[in-house]
Structure formats: C-alpha cells, structure tokens
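The values are calculated or read from the model by the stated rules, or taken from the named source; none is laboratory data. Predicted, not measured: the structure shown is a model, and the values here were computed from it. Cβ: placed from backbone, ideal geometry, glycine included. Neighbour counts: every protein chain shown.
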Amino acid sequence: MTTSKAFSICGMCTARCPIQVDSENGTVKRIRGNPHVPAMTGVCPRGVAGTALIEDSERPQTPLIRTGERGEGKWREASWDEALDYVAGRLTKIKEKYGARGIAFSDRGGPFRDHHRAFLRGIGTPNYCNHDSSCARNIQHAAISLTGMGRKAVAYDLKHARHVVLQFRNIFEAVNIQEVSNLMHAMDNGCKLTVIDVRANISATKATRYLQIRPGTDYAFNLAVIHELIARRLYNEAFVQAHVAGMNKLEQFVKPYTPEWAEQETGIPATQLRAFVKELAEASPAVIWHPGWMAARYKDSFYICRSIYTINALLGAYGAKGGLPFVSKPGDVGKKGLKSFMDLYPKPEEKRADGVGWRYPQFETGPGLLHLMFEAMETADPYPVKGYIAYRHDPLMGYPDQERIKELWSNLDLLVSITFSWSDTAWNADVVLPLSPYLERDDVIATKNALKPQFFVRQRAVAPRYNTRADWEIFGGLARRMGLPDLAFDSVEDLWNFQLEGTGVSIGDFNATGMVPLADAPIYKDMETFKFKTPSGKIELVSDRLESNGLPSLKPYESPQSPPEGQFRLTFGRCILHTQGHTVNNPALFDKMPENLLWINRKKAEGIGVDDGDTVRVSQNGHWETIRAKVTDMIHPEAIFVIHGFGHQLAAESRAFGKGLADNNFMSGGLTVWDQAGGAVAYQEHFVKVEKA
Ligand SMILES: Nc1nc2c(c(=O)[nH]1)N[C@H]1C(S)=C(S)[C@@H](COP(=O)(O)OP(=O)(O)OC[C@H]3O[C@@H](n4cnc5c(=O)[nH]c(N)nc54)[C@H](O)[C@@H]3O)O[C@H]1N2
Ligand SMILES: Nc1nc2c(c(=O)[nH]1)N[C@H]1C(S)=C(S)[C@@H](COP(=O)(O)OP(=O)(O)OC[C@H]3O[C@@H](n4cnc5c(=O)[nH]c(N)nc54)[C@H](O)[C@@H]3O)O[C@H]1N2
Ligand code: SF4
Ligand SMILES: [Mo]
C-alpha cells in the first residue's frame, strides 16, 4: 500500500482554507485542516465533500464541443488537442476581425489569477472581468473612496476583538474556518457579538444582541449610530484628530438622523440603538463592524458600506489590535514577491468595453463590471465583443435575468466555459473545457497578504480520474497556440520555478507545511506614522473623486418602497451545506440538503393560509416556481428568504434537477438595476407574490 500526504487549499468555496489531504493507493482517505496553520481546527461539511466531488460521475469528464443549438445539450467529445486548437483558432479569428479587445473573460477573482490574467494581457485584451459586481464591489469601492485602499488592505483581527458587529454578514454559515475559530476564541474571552439581519440566522443564535431590521433600511440605522457617536462624543477623538478629515461635514450631515427617526424606518427601538452604541464605544478600538461580503443587495449598498467603514474609523478600529489592522505584503517585510506572469506583457491601453475607467471614471478598472460587459456584447458600444471565456464562473445563475443574458450572449461568436461541474453557463457554451477538481490539480503559487504574509501552494493530492486538466495546463495550451510560449510550461515545477525566481524560496521549502511564511510573527503597523492612500493621507469622509464624478460623499437617506399588498421583498443568502450553485448536485451534500425552503413570517403566512411545510407558489412577471415554506417568527414580515443556488434545470444533473427554487429567476430586468455609486447589481430590489400552491 502506498500512502501520501499533500498540502492543499480547499476549493469547495472561496474561503480557501489550508488543508492536509491523506491518500492511499491514489484514493483520498481523509481531508483535514492543515495542522500547521493556527485556528485551522477542521474543515466544514463542504470541505469533507471534496471526495464526493472527485467521485461524481455527473461532471464534465472530457472536452466537449457543441453540435446542436446553444443550450440544447448536444455535444461531441473531443481530445484536448482538438478542443484547444478549436478555441485558439476561434479566438485568433476574432482577434483578426475585431482586434484582441473583442475577447472578454471573467473569473471568480482570488489569489490564483496571475497566469490566466497574463494570458489575456498577452493576447492584448483589456476586457478581464471578475464576478465582483455580483458580490463585493460596493465594499471595495466604499473602502477605496474613504481610504484610497481596497477592502483587503485590512485584516479582521477577530481573535482579539471585544465587540464584533455583523450586518448582512452571516459568519457562522458563510464560514471561513479560521475566522470562526478566532471569533469563538474571542467570545470565550468576553467578546460581544451583535447581529443586524432581516432574519435570525445561525450567527444571530450565538449573538449577544440580535437586531431584526426592516429590509432595505440598514443605511438609516447606521446614520443614527453615527449621529449617536458624535452627539454623545463617544467616538475616539485622538484617532479622528490624527486620521480623519471631514468631521465637521459629517456632524452637520447626521444631525437629523436621530435614533428616534431611525426607529421609524428600521423598526429597531431607539433605546436598543443607544445601548448598543454605548457598548461599542466601551469596547473600542478592539471593535470590528464587518463591512459585509455579499453586499450587492440594494441601490444604496455602497453608502451602507461607507457608513460601516466610517463607524470603524470613528471608533479608532483602523490599525488596532482586535480591530482592522493593516496587512503586510512581501515588500513591506523586506521580502521579494513572486515573479509575475502578468509583468511579461504590457498592460493593454485600449479602453474597456464595459466603460469602467472612462465612461465610469469613479470605478476601479482592474476587474470591471461584468453586467456592463454583457451589455456591450449587444450594443457593440464602444466596440464589438465577440468572444467570451467564463472561467470558474456561472453568470447564468449568478446574475439576474438568465433569459436576458442569453439574448446578450447570442451576439457572441465563441462562448467557452472552463469548469469542474456542470452549470447553466457550461450547458449554454460552445466549448466546455473540464477542469480537474482542486484535489486533482496543482495551482500556481499564491501570496497571502496578511498580518503575517506568506506564500502558499495547492498541491494535487491524487491524479485526475477523468480526462480533465489543471488551469495552468489549459491556459498554457491556449498560450502555446496563440504565440505566447512564455506561458506554456511542460511541468508544474517549471512553472513554480519561474514564480520563485529571485525570492530565495525553493519548491522544497513548501514541503514541510504547504506554505512559506515571510515574517516571524504577526505585524501590527504603527499608526503614529501611518498614512492612508488618499491625497491628504487621512480617511476622507468627503471624497473629491466621488464629488467630481457627480456622486455625493454623504448621501441623504431615501426610504425604500414597501412591498405592495400580497408581495414580499425577496432576500437570499448562504447555508453551511452548500456553496452557491455548484454543490447542489454533489452526491454527499445533496443527500444532506436536497432543496431550499422559503422562510416566511408566521403572521404573513397565516394571512395567506400557509402552514409550515406547505408548498407555496412564488411568482413575478408571469414566471412562477414552487417551494416548501418554513414558517417562522424569526424573519421580518416584509421579507421572504431562500438559500441561493437551487432550482437547477439541467438534464446532466440528475440529483439537483428540479429541486427547490432559483431566487435568480425572480429578478426580472435585474441586470439594469445596479448601484450607480458602488457598481454592483442590486439583487434585493425585487418583489414577489407568494400564495398557497
Ligand atoms: N440570486 C443570487 N445571485 C447571486 C448570489 C445570490 O446569493 N443570489 N450570490 C452572488 C455571489 S456572492 C457570488 S460570489 C456569485 C457566485 O457566482 P459563481 O461564481 O458563478 O458561482 P459558483 O457556483 O461558485 O461557481 C460557478 C462555477 O464555477 C465552477 N467552479 C467552482 N470552483 C471552481 C474552480 O476552482 N475552478 C474552476 N475552473 N471552476 C470552478 C463551478 O463548477 C460552477 O460551475 O453569485 C452571485 N449571484
Ligand atoms: N457555506 C457557505 N459559505 C460561503 C459561501 C457559500 O455559498 N456557502 N459563499 C461565499 C461567498 S461567494 C460569499 S460572497 C460569502 C457571503 O457571505 P455573507 O454575506 O455573510 O452571507 P449571506 O448569507 O449571503 O448574507 C448574510 C446575511 O444577510 C442577510 N440579509 C439579507 N438582506 C438583508 C438586509 O437588507 N439587511 C441586513 N442587515 N441583512 C440582510 C441574510 O439574511 C443573511 O443572513 O459567503 C462565502 N462563504
Ligand atoms: S469553509 Fe469549508 S468549503 Fe470553504 S474552503 Fe473552508 S473547508 Fe473548504
Ligand atoms: Mo460572493
């Protein structure tokens, strides 16, 4: 019997927990948290289900080229050479006819992007996108607008926190193992937890204080918190003096937003708000008001995120132990970073097809706004976009209005999906390039900027079971065919050696723990000398960049519309057993949770004659689906809630087929409903009707 051990990175969700994988005779026997990583106390149920993913025979097993119409599900199997020749040939044709800018690409962001982003640069297109306009773009833009730095410039120092606030952030279900362990450790030591949510999620059940809020009114609550902090001089004056500009304007602005005023909007009693703010101030600066993760919810979500960062600033949490300390990059600790594939090619100078950076100068150009890229596919404004590669991405489920997106995509000459599972997008593609699941592949070495920065690597634990390939092999294969030989490597060791050149680190250095730390201990940057990356070096409550683009820095509150009689605001989120849409057909996870339920407030349910467990009919604009009801007192009467990712309709997924409801099908016209200041789609600006089926 041969046994082996590999250090890898879990690929079942974007938390990317470090894991150790033990195998016997080429079969994975055990997946556990990497024992060398502090607080990596275990893996979640999805992490365990990595083995079921490998064993799943209902995933794409070999390259496929479409023979029928798009979405018809008629394919022919192809060899890798044939499939890569086909894709490279079509991309080259598009490049010849429309220029390289006629090719767009989207991925799911993350630390493993350097190689494929280099491929895009190499072919010369500026049209790289990630998924973030469907996720955290508002947070990113809010962070930049205040501090000049992105949202990941700070860490959440949960382990040392004394009060953590979760507002549309469900940390005990949308988990990251290390974060959860650290927060539990802190709570054992007396850290308070406040949850502000439209429903009592699992995090709320562990909270010191749960505040049920009327959906769409978070900004009102936060403005009143700021009002209270300032009116009672509960903020950290020394920090504000040293690091915050624009306090006078803020003070004037929040004057009318009293706790009593907010109570009318949010339903949260002013007495509760006052008691909460007092506790927060007592715990500061070891306070984390989490800016959220999935914040693509409302048309004012950008301003909600700005208000959250503002509160953190008023409490002096920036830079503080137990607050939001700044992460270090390799260069900050005197180390050389990985050699970058992207640096091999110049940055394309062409303007982006989605308008980001020129039509919308307020937004960060890097990953653009994918929903606007889709529009350009139809309008050909500013130029035609004819090729699209969706890599590790399922926009047909992840963006609103699937039929509209298909219409926009009908203008494409080539649509490629690179994926390890079936998805609506893969099913509608011209070519499916099957990726090896994470346990079956090596990835490029990645950098983690952190209090203690490090390099880390995903090593393959077992050989691919089917005819699938790793990302670096797929993009290397395309690169070789498109005249970019520098991106094609014969072995992963060659690729890693390229990255490590000049760093003083060698591949062998990863053997002991799967990572190479670049500092001896966590580093808390000195706030005495710290400068934010704004023109003044301070947190700017009034931003020139916003104002010069016609956007207010301090935006007056607008009360959201209440749902019409008989209708509800559709809200959604995560559960511990599934990741978005891509685990519902996983055999092990499907067994544990085959369908989603519709949370509905008890009084509202009684009003329409619905009991717990009844099947209800949810409808909007002529579209309807059915789902079983979970009748509960624990959700706001204006909202209904479902776990996202269900309601699959693909013949290739026998388990998931037809189970549960797809929230994304109830956002009619939703591609055009987005936050103009933050850039993200506003997914929760939609109402649905609920009746007994
Ligand atoms: N209605 C509604 N829409 C939403 C959301 C919601 O809650 N409700 N959530 C939003 C959020 S927060 C996000 S992040 C997006 C998520 O949207 P997506 O990123 O599209 O969702 P996933 O299901 O994670 O992944 C999509 C595809 O990538 C494949 N995949 C997963 N991991 C890998 C990998 O490591 N490599 C490769 N090549 N492929 C992989 C999966 O097989 C799957 O087919 O959706 C957003 N859209
Ligand atoms: N288990 C698991 N973990 C995951 C994922 C997964 O699919 N499964 N996906 C990963 C991804 S891509 C992301 S983006 C993160 C998402 O992480 P989170 O954003 O923390 O998770 P969600 O469940 O989408 O949303 C959090 C909460 O927002 C609440 N909410 C909805 N509307 C409102 C509102 O108007 N006001 C307030 N205050 N609350 C509201 C929901 O009830 C929910 O409890 O999770 C990541 N981790
Ligand atoms: S939270 Fe679970 S699924 Fe996500 S990376 Fe960690 S172990 Fe894997
Ligand atoms: Mo996300």
task = Counting only residues that are among the polar types (S, T, N, Q) and within 16 Å of ligand 1 (Cβ to nearest atom), give me the helices (runs of 4 or more DSSP H) lying completely in segment 105-190 with at least 2 of them.
result = 137-147
task = Evaluate the following for R46: is it within 16 Å of ligand 4 (Cβ to nearest atom), crowded, with 21+ Cβ neighbours inside 10 Å and closer than 21 Å to L577 by Cα?
result = yes
task = Only one of these is farther than 19 Å from G387 by Cβ and not charged (D, E, K, R): F112, F119. Name it.
result = F112
Lone qualifier among A207, A200 - being more than 16 Å from ligand 4 (Cβ to nearest atom) and buried (at least 20 other Cβ atoms within 10 Å of the Cβ) = A207
message = If G109 meets every condition in (1) more than 16 Å from ligand 2 (Cβ to nearest atom); (2) out of contact with any Ser or Thr (no Cβ under 7 Å at 6 or more places or on another chain) apart from one, which number is that one?
response = (1)
remark   = Checked I523, I507, I539 against criteria (under 24 Å from P361 (Cα atoms) and at pLDDT 95 or above); the one match is I539
message = Just to be sure before I move on: is M247 modelled with pLDDT of 95 or more, assigned by TED's automatic domain parsing to the domain that holds G316 and within 16 Å of ligand 3 (Cβ to nearest atom) in the structure I sent?
response = no
ask   = Is it the case that some residue within segment 588-599 is within 16 Å of ligand 1 (Cβ to nearest atom), more than 30 Å from T51 (Cβ to Cβ) and more than 26 Å from the chain's Cα centre (by Cα)?
value = no
ask   = Can we say Q140 is out of contact with any Gly (no Cβ under 6 Å at 6 or more places or on another chain) and at negative phi?
value = no
message = Which count do you get for residues in segment 583-597 that are crowded, with 22+ Cβ neighbours inside 10 Å and within 13 Å of ligand 2 (Cβ to nearest atom)?
response = 5
key: Residue check, I268 surrounded by 15 or more Cβ atoms within 10 Å (Cβ to Cβ), of a type in the set (V, I, T), away from ligand 4 (no atom under 16 Å from the Cβ) and not in a helix (DSSP H, G or I)   = yes
message = Give me the helices (runs of 4 or more DSSP H) completely within segment 353-418, filtered to those with at least 1 residues that are within 16 Å of ligand 4 (Cβ to nearest atom), ordered by residue number.
response = 370-379, 395-398
Among residues of segment 334-352, those that are under 30 Å from W496 (Cα atoms) and either in a loop (DSSP other than H, G, I, E, B) or outside the structural domain of N497 (by TED's automatic domain parsing) (or both), counted = 13
request  = Just need a number here: residues in segment 434-482 that are within 23 Å of the chain's Cα centre (by Cα) and not in a loop (DSSP other than H, G, I, E, B).
outcome  = 13
remark   = Those residues of segment 560-584 that are among the polar types (S, T, N, Q) and assigned to a strand (DSSP E or B) come to a total of 2
inquiry  = With the requirement that a residue be surrounded by fewer than 21 Cβ atoms within 10 Å (Cβ to Cβ) and among the hydroxyl-bearing types (S, T, Y), what does segment 407-453 give you?
reply    = S410, T447
task = Considering only segment 128-145, state which residues are farther than 21 Å from R392 by Cβ and touching a Ser or Thr at 6+ places or on another chain (Cβ under 7 Å).
result = N138, S145
ask   = If you take the residues in segment 680-693 that are within 19 Å of R404 (Cβ to Cβ) and assigned to a loop (DSSP other than H, G, I, E, B), which one is farthest from the chain's Cα centre (by Cα)?
value = H686
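One line per residue, one yes/no per condition, for (1) part of a loop (DSSP other than H, G, I, E, B); (2) polar (S, T, N, Q); (3) surrounded by fewer than 19 Cβ atoms within 10 Å (Cβ to Cβ); (4) within 16 Å of ligand 1 (Cβ to nearest atom):
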| site | (1), (2), (3), (4) |
| --- | --- |
| E58 | yes, no, yes, yes |
| T62 | yes, yes, yes, yes |
| G68 | yes, no, yes, no |
| G71 | yes, no, yes, yes |
| E82 | no, no, yes, no |
| T92 | no, yes, yes, no |
key: Pairs with Cβ under 7 Å, 6+ apart, first in segment 624-647 and over 27 Å from D424 (Cα atoms), second within 16 Å of ligand 4 (Cβ to nearest atom) and assigned to a strand (DSSP E or B)   = A639/T571
query = Just a yes or no: is a residue in segment 172-181 in contact with a helix residue (DSSP H, G or I) (Cβ under 8 Å, 6 or more places away or on another chain), within 16 Å of ligand 4 (Cβ to nearest atom) and under 25 Å from T579 (Cβ atoms)?
reply = yes
task = Just give me the residues in segment 194-221 being hydroxyl-bearing (S, T, Y) and either within 16 Å of ligand 3 (Cβ to nearest atom) or part of a strand (DSSP E or B) (or both), in sequence order.
result = T194, S203, Y210
query = Taking segment 193-244, which residues are closer than 20 Å to I539 by Cα and within 24 Å of the chain's Cα centre (by Cα)?
reply = Y219, N222
ask   = Taking segment 463-509 as the region of interest, how many residues are touching a strand residue (DSSP E or B) at 6+ places or on another chain (Cβ under 6 Å) and either within 20 Å of R392 (Cβ to Cβ) or crowded, with 22+ Cβ neighbours inside 10 Å (or both)?
value = 2
Boolean, V28 is touching a strand residue (DSSP E or B) at 6+ places or on another chain (Cβ under 8 Å), among the aliphatic types (A, V, I, L, M), outside any strand (DSSP E or B) and modelled with pLDDT of 95 or more = no
note = Filtering segment 654-679 down to residues that are over 24 Å from the mean Cα position of the chain (by Cα) and under 24 Å from E407 (Cα atoms) yields F657, G658
note = Within segment 1-47, restricting to residues that are within 22 Å of A521 (Cα to Cα) and either free of Cβ contacts under 8 Å to residues at least 24 places away in the same chain or polar (S, T, N, Q) (or both), the one that is nearest to ligand 2 (Cβ to nearest atom) is T41
request  = Have a look at R169, R108 and point out the one that is under 28 Å from the mean Cα position of the chain (by Cα), at pLDDT below 95 and either more than 30 Å from V457 (Cα to Cα) or within 16 Å of ligand 3 (Cβ to nearest atom) (or both).
outcome  = R108
ask   = Would a scan of segment 289-302 turn up a residue that is buried (at least 24 other Cβ atoms within 10 Å of the Cβ), within 27 Å of E528 (Cβ to Cβ), touching a helix residue (DSSP H, G or I) at 6+ places or on another chain (Cβ under 8 Å) and not small (G, A, S)?
value = yes
